[in-house]
Amino acid sequence: VSSPTFPTIPPRIDFSVSAKTTTLDQAVTLLVLPVVDDDGQIRVEGGREIATETGINVERLLEQAAGGEPAHTGVITQLPVLDQPDGFPKLRSIMLLGVDEGTPEQIRRAAAVLARASRGHGDVVIRMPGSEDGQLSAVIEGMVLGSFELTVRQDRLPPVASRVWLVRPSVPALEAEVIPRAIAAAHAAWHARRLATMPSNIKSPEWLADEVVRLLEDTPVTVTRFDDEQLRADGFGGIVAVGQGSSTPPTLLKLEYQPKSSPKRLRGKHVVLVGKGITFDTGGLSIKPAESMSNMKRDMTGAAVVASVMSALGELECQVRVTALLPIAENAVSGSASRPGDVITHYGGRTTEITNTDAEGRLVLADALAYAVDQLKPSTVIDIATLTGGAKVALGTRIGALFSTSDELAVALDNAGQDAGEPLWRLPLSGEYRGKLHSSVADAVNSSGGPPAITAALFLKSFVGDTEWAHLDIASVGDAEEDRFEWTKGPTGFGVRTILRWLTQFSEPRPNSDQRSEK
Ligand code: BES
Ligand code: MN
Ligand code: ZN
């Protein structure tokens, strides 16, 4: 059966910084000016300089924009240019872009809207509303994320700009680092979204594993593949049980990153990331109703997020040792599928009674967590998974669920999530519901009554021993219902930028977060 070929990710947008608006490439067709709300005073940032440099009277432009709320984040007022000013022989339009107070978050959001609105406009000059590096990263992340598109439709959207100039008053030497880092982080999220978009007639476990290998080709990350036979031999009973109903066998990937250099204080640190990689979740014999199954090609989002994080560690010069485990399987229905009531043995010997074959994510994660703790001696383990519909019931579709055995780790991840625009909310690993997992024939059941997100987390907790651990249940946020700022309709790649921020914060002092807007 022939399947269409989906594009890989497009060439990166070429971002550069300039101190002046006019000394730029003559081919620029779109000029973007930020509108800020300065304690109730609405103005175009740097308006006077622009007037001097270009002869464009921005105050008059702002009057023409009257009516709406031009400073609100992401509001765009488009004005055609009839008389080209000096230095812009090809200029066709000016967009006034609302950025509110100009915090990094507001800028990231506005830039994402801008990326979509500026499709087909050609090369762009964006006047920055300030000179902070955080604002520079925000524009880049917003534009790259907001322009996500992956389709085999024949009527594709017009392209976003291939070159973007960012104009800001001062040009510190830091830019050489800030720009490539922001691009690397945003593109990592693109990769995760791409993998989550792929339909499961293409995305078998083998296909996904091949793509991860390809993604990591030119990076310092090394890959080890465990095939079905090896998984059986080594006792990965959870991955085998979930994958055995599919005509495409399961696999486990181990991805290893060693920093080139790291300061003494980080040398003992070893982070293990685990991502759920179910390439399609029918529910198995405990089959899902049609509506719940329709988007289950995305049930490998955790694995995609982790693989994408790994792909960016080299570029971001992460100074911590990181190993990733991706258990990948299809949860299918067939004569060889696991049955309710089956009892399995996980890696390391714990047993589980499968009371519901649709609670498959925790079965594959359990093996990986047990292996991590037993073989890799990590200082911290973080798993990320589209694990329970309960996370969505609890938190809606904009906030991810966070569980942790460590207050310090929970706070650090929560902060990283806020900075990244991927908000998390901590839920309790409460012993109150421990009894719900009781089985009379095995160490635990995989599903029972009780709050689903919490009991799933409690199930996993038994496999991490005393190791510091956090669990991110992203079933709530893996998918966006509509275009909303940097989240384009469809997969969000939620978690990529949070984990990258958390992993790279160890090597840098935490940036000043005073500018955060209220959540
Ligand atoms: N992959 C699903 C969870 C999910 C639901 C992800 C909605 C994204 C959107 C998971 O494997 C699952 O089926 N969970 C069950 C658990 C239950 C059987 C205990 C659920 O949430 O209903
Ligand atoms: Mn399921
Ligand atoms: Zn699932």
Quiz item: Taking K and R as +1 and D and E as -1, what net charge do the other residues with C-beta under 11 Å from the C-beta of Val320 add up to?
Solution: +3
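Let me know the charge dipole size of the chain about its Cα centre in debye, to the nearest 20, where only the beta-carbon of Lys, Arg (+1) and Asp, Glu (-1) is charged. List each step's numbers first, then the result.
Values: 51 positive and 65 negative charges, 111 e Å.
The dipole magnitude comes to about 540 debye.
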Quiz item: Taking the Cβ of Thr345 as the center, what net charge do the other residues with Cβ under 12 Å away carry, scoring Lys and Arg +1 and Asp and Glu -1?
Solution: -3
Self-check item: Pairs of Cα atoms farther than 19 Å apart, the range 310-395, %
Solution: 54
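Using the C-alpha atoms of the range 4-72, what convex hull volume per residue, in cubic angstrom, is computed? Walk me through the intermediate numbers first.
On the way: hull volume 12.7 nm³, N = 69.
So the per-residue Cα hull volume is 183 Å³.
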Quiz item: How big is the equivalent ellipsoid of the range 124-281 along its three axes, where each semi-axis is √(5λ) from the Cα gyration tensor, reported in whole Å from largest to smallest?
Solution: 38, 24, 11
Quiz item: If the range 365-414 were replaced by its equivalent ellipsoid, with semi-axes equal to the square roots of 5 times the Cα gyration tensor eigenvalues, what would those be, largest first, whole Å?
Solution: 24, 15, 7
Practice problem: Report the local net charge at Ser294: Lys and Arg +1, Asp and Glu -1, summed over other residues whose C-beta lies under 14 Å from its C-beta. | Solution: -2
Quiz item: Roughly how tilted is helix 301-312, in degrees to the nearest 10 and between 0 and 90, from the longest Cα axis of the chain?
Solution: 60
Practice problem: Would you mind listing how long the chain runs along its three principal axes, going by Cα atoms, in whole Å with the largest first? | Solution: 80, 54, 41
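Rounded, prolate or oblate: which one fits the range 397-457, using the alpha carbon gyration tensor with axes a ≥ b ≥ c (rounded when a/c is under 1.5, else prolate when a/b beats b/c, else oblate)? Spell out each step's value before the answer.
Working: a/c = 3.59, a/b = 2.34, b/c = 1.54.
Because a/c hits 1.5 or more and a/b exceeds b/c, the range 397-457 counts as prolate.
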Quiz item: Roughly how tilted is helix 407-420, in degrees to the nearest 10 and between 0 and 90, from the longest Cα axis of the chain?
Solution: 40
Quiz item: Between Val167, Ala189, Val152, whose Cα lies farthest towards the positive end of the dipole of the range 138-206 when Lys and Arg beta carbons carry +1 and Asp and Glu beta carbons carry -1, centred on the Cα centre?
Solution: Val152
Practice problem: Put one equal scatterer on each alpha carbon of the range 370-519, apply the Debye formula with no solvent term, and list log10 I(q)/I(0) at q = 0.13, 0.15 1/Å to two decimals. | Solution: -0.63, -0.82
Quiz item: What are the ³J(HN,Hα) values, in whole Hz, obtained from phi via the Karplus relation 6.51 cos²θ - 1.76 cosθ + 1.60 with θ = phi - 60°, for each residue of the range 70-76 in sequence order, with x given for Gly and Pro?
Solution: x, 8, 4, 3, x, 6, 10
Self-check item: Percent breakdown of C-alpha pair distances by 5 Å bin, ordered from the shortest bin, for the range 18-116
Solution: 3, 14, 24, 25, 20, 12, 2, 0
Quiz item: How big is the Cα convex hull of the range 110-156 in projection, averaged over all directions, in nm²?
Solution: 3.8
Practice problem: Step through the residues of the range 275-283 one at a time and calculate ³J(HN,Hα) from phi using the Karplus curve (6.51 cos²θ - 1.76 cosθ + 1.60, θ = phi - 60°), rounding each to whole Hz and writing x for Gly and Pro. | Solution: x, 5, x, 8, 6, 7, 10, 7, x
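Give the shape of the range 344-385 as rounded, prolate or oblate, defined through the alpha-carbon gyration tensor: a ≥ b ≥ c are the square roots of its eigenvalues, a/c under 1.5 means rounded, and otherwise the shape is prolate if a/b is larger than b/c and oblate if not. All intermediate terms of the calculation are to be shown ahead of the outcome.
Working: a/c = 4.04, a/b = 1.58, b/c = 2.56.
Oblate is the answer for the range 344-385, as a/c is 1.5 or above yet b/c matches or exceeds a/b.
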Quiz item: Which whole-Hz couplings ³J(HN,Hα) result when phi for each residue of the range 461-474 is put into the Karplus expression 6.51 cos²θ - 1.76 cosθ + 1.60, θ = phi - 60°, listed in order with x for Gly and Pro?
Solution: 4, 5, 9, 9, x, 8, 5, 4, 9, 9, 10, 10, 9, 9
Exercise. Positive end of the charge dipole of the range 301-431 (Lys, Arg +1 and Asp, Glu -1 on Cβ, about the Cα centre): tell me which of Leu365, Val322, Leu424 has its Cα farthest that way.
Key: Leu365
Self-check item: Degrees between helix 175-197 axis and first principal axis of the chain (Cα, 0 to 90, nearest 10)
Solution: 50
Quiz item: Amide H neighbours of Ser18 under 5 Å, counting only residues 5+ apart in sequence or on other chains, H built in-plane at 1.01 Å?
Solution: Leu166, Val167, Arg168
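Which of rounded, prolate, oblate describes the range 67-172, given a ≥ b ≥ c as roots of the alpha-carbon gyration tensor eigenvalues and a/c under 1.5 marking rounded, otherwise prolate only if a/b is larger than b/c?
Details: a/c = 1.43, a/b = 1.12, b/c = 1.27.
Rounded, since a/c falls under 1.5.
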Practice problem: Would you be so kind as to identify which of Ala241, Leu208, Tyr257 lies farthest towards the positive end of the dipole of the range 189-335, taking Lys and Arg as +1 and Asp and Glu as -1 on Cβ and the Cα centre as origin? | Solution: Tyr257
Exercise. Taking amide H positions as placed in the peptide plane 1.01 Å from N, state which residues far from Arg426 in sequence (5 or more) or on other chains have amide H under 5 Å from it.
Key: Leu402
Practice problem: Determine which residues of the range 16-45 fall in the zone a paramagnetic label at Glu63 would reach in this model, i.e. backbone nitrogen under 20 Å from the point 7 Å along Cα→Cβ. | Solution: 33-36, 41-45
Quiz item: When N counts the residues of the range 284-344, how does its alpha-carbon radius of gyration compare numerically with 2.2 N^0.38 Å, as a ratio?
Solution: 1.61
Self-check item: Rounded to the nearest 20 debye, dipole of the range 399-519 from Cβ charges on Lys, Arg, Asp, Glu
Solution: 200
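What's the magnitude of the charge dipole for the range 238-339 around its Cα centre, counting Lys and Arg as +1 and Asp and Glu as -1 at the beta-carbon? Answer in Debye, nearest 20. Don't skip to the answer; put the middle values down first.
Details: 12 positive and 7 negative charges, 112 e Å.
For this selection, approximately 540 debye.
Every read-out reported here was derived from the displayed coordinates using simple, explicitly stated rules and does not represent laboratory data. Just so it is clear, the structure is predicted and the values come from calculations on it, not from any experiment. A quick note on method: Cβ atoms are made from the backbone with ideal geometry, for glycine too, and the neighbour counts reach across all protein chains shown.
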